[in-house]
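Notes follow once the structure below has been shown.
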Amino acid sequence: MKNYIHTTVCALLFTGIGAMAQEVTTEDFVLRSRVYQDSIVLRWVPKDVTAWKNLNENGAIVTRTELATNTEKIVSNTILPYDLATWKTKTDTTNIFVATAAQCLLGKKSVTPNIAQQHFSNRLLAAKEQNNTLAFAAFSADFSTEAANGLAFRYVDRNIESGKSYKYVISVRSARSNTSYTRPSKIWKPVPVMGVQAKLGNNEVVLSWPKQPNNSHFSGYYVERATNNRNFERISKSIIKATKQTTDNPSQLFSDTAVEVGTNYQYRVVGITAFADAGLYSETVSATPQDKTPPPLVTDISVEATSETSFEIRWKLPEHLPTDVEGFRVLRSDNNDGPYQLISEGILPKTTTSFTDEQPQTGSSSFYIVIAEDKNGNFSETAPVMGVLPDDTPPQQPKGLTGAIDSLGIVSLAWDFGNEEDLRGYRVFRSDAKDQEFQQLTKSPVPGNFYADTLRLKTLKKNVYYKVAAFDNNYNPSAYSEVLMLKRPDFVAPVSPNIKELTFVNDSVNIIWKSSVSKDILEYQVWRKQAGSDWKNIGIVVAPKTTFSDGTVSANHSYSYKVLGIDGDGNLSEPSQILRIRTVPSKLYNPPVLTGQFYKEDKTFRLQWEIAEHTSLKKIVLLRNSGDGFLPYATFDASKTAFSDTQFFKNGRGYDYKIKTIDASGVSSAFSNIVKVQFK
């Protein structure tokens, strides 16, 4: 027997209409076809290694049938994979995809059949190797026509006529048979990659573009870059494989780290299809990388009186000082909160570790900060340190720092209060990482031993870090306390509500639901959908109310409803179950009157009816119940007044009948009385 894959393609060449066939999965192959202006290209790939082996050993034959005349014709010789010599003569073996395809087809296997038979684990290794080899072969064929031809995964039919429809059959010797069809649409036209964006990172440019709809057109992408809006060069040396879309990862990403600060770069992206066709270039986006990383702070800053009229400010350099650090500046103020004035002339060399102030403030304390500055204008400044004579003894290091974070992101911190008589207060510092720079939260020292902070909970940072320093009346800082790590609380969405009832009363749909069990529920969203349209938010209900009336519906239509809960933090629940209702008009026509009689002689049940006054009667619907409930049985036009039923079988319960009328606008009457027939 033979295994067949069918694809029907309509080639209307000169009118510009053709097809890109939908992907069809059979038991053995995945097949695609594409119509070009002068040809039809078929592309296929084995679904598993067994099908691949059959293809490699027996080859494929393409048969074409003209659908209008049902004329069948073999249009190809047996299509076999290339041998080594043919790969060398017909392909560019320096191309990575060609080389990969040839290696997959002809390369030596690490697990030979003899080794595979020795142990079950060896057979598993062999199967894994074969599946991986097929995957790499299929991948290479997507991006190189030479690779696809060499693997016998491709055929081009150029002998086609405009306006004719064809059915192609690709047959491979096998013990199984499958058939699939495709329908033509339009001649393939290249499309651009949509939605490309460029964002600046830390000394990098990150490009992104949405996976959908782009991945429905392309199997992979290349990124090109220029600095003059011309002379674009490809910077993604290997293909960027199109990956599956997920909620957490809806975009394809590419990071360009080979950038120079201050240089404007232009980027564009081109997609490659499974037929190795290049799409159109995306719109060009640009970005200019900026170095926004401040230099590290100097540490262990101190102020020491070297005479009655001078202070020496000392500090330690960071262990790893970046090469772009320009140097340091020293500023002074008579107040801890500033303003600070520059007292060092120009910028101090980056090897400097001290500075002498020959003219400090007289009669008051002097406050100093040291600023580290890099070549790109980024800077970081130390916390103020104070110089005063004769008191230069700092408070003790704060102890016992503890804290907690509640569900709203409120942080409560506390620590042991110091016993120094000249203690002014404490400064609190925070960071998202223990080894990063801490941010000062307090503008001035807080007098107590507690502090409240507020955190943003919607963040990828799981932990937050705090430390405290004590200051005396002369603003001498203590050593920092031990660093306190706190874990941010989880951000939990509320439990879904549950719809209890939908009713249509007084031209409105009334929805009643069971409230969410979440205690922090704030309000509910009511959503509605009609067939062929999207969901629409039609109302907001403030908790604890759990009812809503939709007065915007039309009679004799079907509507679907769902309800979602929102808590005080804006977390949205999963939707409730979806319920559907049809808005039957509140005013119905009077029901018809139905009579019937069974005639035993000719085994016929004859029904007759009388119709009440009806403004625009269009049809009459007869329903019959044979034991499984009433089901539509027959439909008559308005002039019909009787019906003879001969299509029944003798049973224990007999049959029930009822009718209703429907007018031209679709409004129904009430059902008639029920007429029963029983066999005795």
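All of the numbers you see were taken from the coordinates with simple rules; none came from a lab. Not measured: the values here are computed from a predicted model. Glycine gets a Cβ as well: all are built from the backbone with ideal geometry, and neighbour counts include every protein chain shown.
For the reader, a short list of remarks on this structure follows.
- Value at 222 nm in deg cm²/dmol, rounded to 500, when DSSP H runs of n ≥ 4 in the chain each add -39,500 (n - 2.57): -3000 deg cm²/dmol
- Overall form of the range 330-440 per C-alpha gyration tensor (a/c, 1.5; a/b vs b/c): oblate
- The long axis of helix 120-143 is offset from the longest Cα principal axis of the chain by roughly 90 degrees.
- Under 12 Å from the Cα of K640 - aspartates and glutamates, other chains or at least 8 residues apart: E610
- Relative to the Cα centre, the charge distribution of the chain, modelled as +1 at Lys and Arg Cβ and -1 at Asp and Glu Cβ, gives a dipole magnitude of about 5500 debye.
- In this simple spin-label approximation, S251 and L522 carry label points 7 Å from Cα along the Cα→Cβ vector, and these lie 2.7 nm apart.
- Subtracting the Cα-Cα distance of I674 and A634 from 0.36 nm times their residue separation leaves 12.8 nm of extension gain.
- The alpha-carbon of K600 sits under 15 angstrom from the alpha-carbons of these aspartates and glutamates, leaving out residues fewer than 8 places away in its chain: D645.
- Taking 0.36 nm per residue of separation and subtracting the current Cα-Cα distance, fully stretching the chain between S39 and S616 would add 202.0 nm.
- Pairs exceeding 28 Å between alpha-carbon atoms, taken from K53/K167; K199/K562; K316/K467; K316/K487: K199/K562; K316/K487.
- Three-way shape label, the range 546-623, alpha-carbon gyration tensor, a/c 1.5: prolate
- Space enclosed by the convex hull of the alpha-carbon atoms of the chain, per residue, Å³: 339
- Kirkwood Rh, angstrom, the range 463-525 [1 / mean 1/r, Cα pairs]: 17.3
- Mean Cβ neighbour count within 10 Å, used as a protection proxy, ranking 142-153, 597-608 highest first: 142-153, 597-608
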